[in-house]
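Report on the structure given below.
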Amino acid sequence: MSEHNINRIGVLTSGGDAPGMNAAIRAVVRTASFLDLHAYGIMRGYAGLIEGEIKRLEKSTVGNIIHRGGTILKTARSDAFRTKEGRQKAFDSLMAHDIDALIVIGGDGTFTGANVFAEEFNIPIIGVPGTIDNDLYGTDLTIGFDTAVNTAMETVDRIRDTADAHSRLFFIEVMGRHSGFIALYTGIGSGAGSIMIPEKSYDIDSVARTLRKGVRRQKLFNLIIVAEGNTTGNAFEVANKVKDLVDNAEVKVSVIGHAQRGGAPTAMDRLLASRLGYGAVNALLEGQSRAMIGVLNNQITFTPFIDAISKPKVPNEDLIRMAEILSL
Ligand code: F6P
């Protein structure tokens, strides 16, 4: 059991929003209420915590939100929370509301802040992985990833129709600043001709060679998925380099952008968010802290913040190879 007597739990969302965050907030509030605990919503992540933007969340406050993208608590990236003064103000806000523990929903930046804050002020914190990038070590999937991939894949399906009709070569950029999960899964799901991810390095000549091979065997259109963080360049840069190397190619670029971050969460994201929100409250009561809750092989697991943020999570090599083979 914990040295802390937990009665009031604060919940916040921070960093980039992800579809399913609302389902996680709902699960936290409803689980807390079932256990006769009080839940408090902190607006705009750590920025709102510093400013004391905190409100009581009742069971009914979180009705009718499980299917909504975005986050009812809003989100932000806070520079002030990186400073000792900022964190002191944040702690004062918590004390002003008698909040004993926190559940923070977000990605690596969120957990980096939580890790320092929990240690400095001896406050129990559990992290819930919410980011479309799926780049956190310690969980097979993060909340929002499945929805983002489905959105990107549906968009690529639409582009496929017009690419086919005009026999064009499309470079389609998906999100993922440092991570290729969205690109890889979208590329496999949409049958892309090539996938470019930040975890791999590419030789533009060999990319062009593959495309020329396609043209020779009458593959008149092609779809190349480029992760935002691809080290050979973004979709525009790669398209520019390739266009002179493939004869008669009519090259187009589409950037899917923030559409990937919005929309109703998929069933998988709602389920994952519900499990993690529910598990996070129970974990606090069991004395867990400074850890991210996750699901590995369908089992709830806990990974110390320090590992979740510092250990790399890379796409499976077999999947990368399979994607190449299936695209030939
Ligand atoms: O981390 C999630 C993410 O959507 C990344 O894939 C993307 O690079 C980044 O956030 C965009 O952030 P912003 O919305 O602040 O431009």
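A 24 angstrom limit on the alpha carbon distance is what I want to check against. Which of K213/K243; K74/K311; K200/K243; K89/K311; K74/K200; K59/K84 exceed it?
K74/K311; K89/K311; K74/K200; K59/K84
Accessible area per residue of the range 147-261 at 1.4 Å probe, in Å²?
That works out to 47 Å² for each residue.
Over the range 147-261, what is the relative contact order in whole percent, taking alpha-carbon pairs under 8 Å and six or more residues apart?
Relative contact order comes out at 39 percent.
Report the extension gain between L271 and R217 in nm, rounded to one decimal, defined as 0.36 nm multiplied by the number of residues separating them, less their alpha carbon distance.
Residue separation times 0.36 nm, minus the Cα-Cα distance, leaves 15.0 nm.
If the cut-off is a Cα-Cα distance under 13 Å, which aspartates and glutamates reach K313, setting aside same-chain residues fewer than 8 apart in sequence?
D108, D133, D135, D140, E199
Using a basic spin-label model with each label point 7 Å from the Cα along Cα→Cβ, how many nm lie between D36 and T231?
5.7
Going 7 Å from the Cα of R8 along its beta-carbon direction, which residues of the range 100-129 have the amide nitrogen within less than 19 Å of the resulting point?
100-104, 118, 121-126
When the accessible area of the range 122-233 is split by element with a 1.4 Å probe, what percent falls to carbon and sulfur? Intermediate results must be reported in sequence, preceding the final value.
Numbers: 1940 of 4240 Å².
Carbon and sulfur atoms account for 46 percent of the accessible area of the range 122-233.
Take every Cα pair under 8 Å in the chain that's 6+ residues apart, average their separations, divide by the length, and report that relative contact order as a whole percent.
24
Efficiency by 1/(1 + (r/R0)^6): what FRET value for A264 and D244, r their Cβ-Cβ distance, R0 = 35 Å, to the nearest 0.05? Don't skip to the end; give the middle numbers.
On the way: r = 42 Å, r/R0 = 1.20.
The computed FRET efficiency comes out at 0.25.
At a Förster radius of 45 Å, what calculated FRET efficiency corresponds to the Cβ-Cβ distance of R321 and N64, to the nearest 0.05? Write out the running numbers ahead of the final one.
Details: r = 44 Å, r/R0 = 0.99.
Efficiency at R0 = 45 Å is approximately 0.50.
Between the range 264-287 and the range 232-257, how many Å separate their Cα centres?
Distance between centres, Cα-based: 41 Å.
The values are calculated or read from the model by the stated rules, or taken from the named source; none is laboratory data. If you're wondering where the values come from, they're calculated on a predicted model, not measured in any experiment. Neighbour counts run over all protein chains shown; Cβ positions are idealised from the backbone, glycine included. Calculation scope for accessible area: heavy atoms of the full protein, side chains included, ligands and nucleic acids excluded. Shrake-Rupley method; radii C 1.70, N 1.55, O 1.52, S 1.80 Å.
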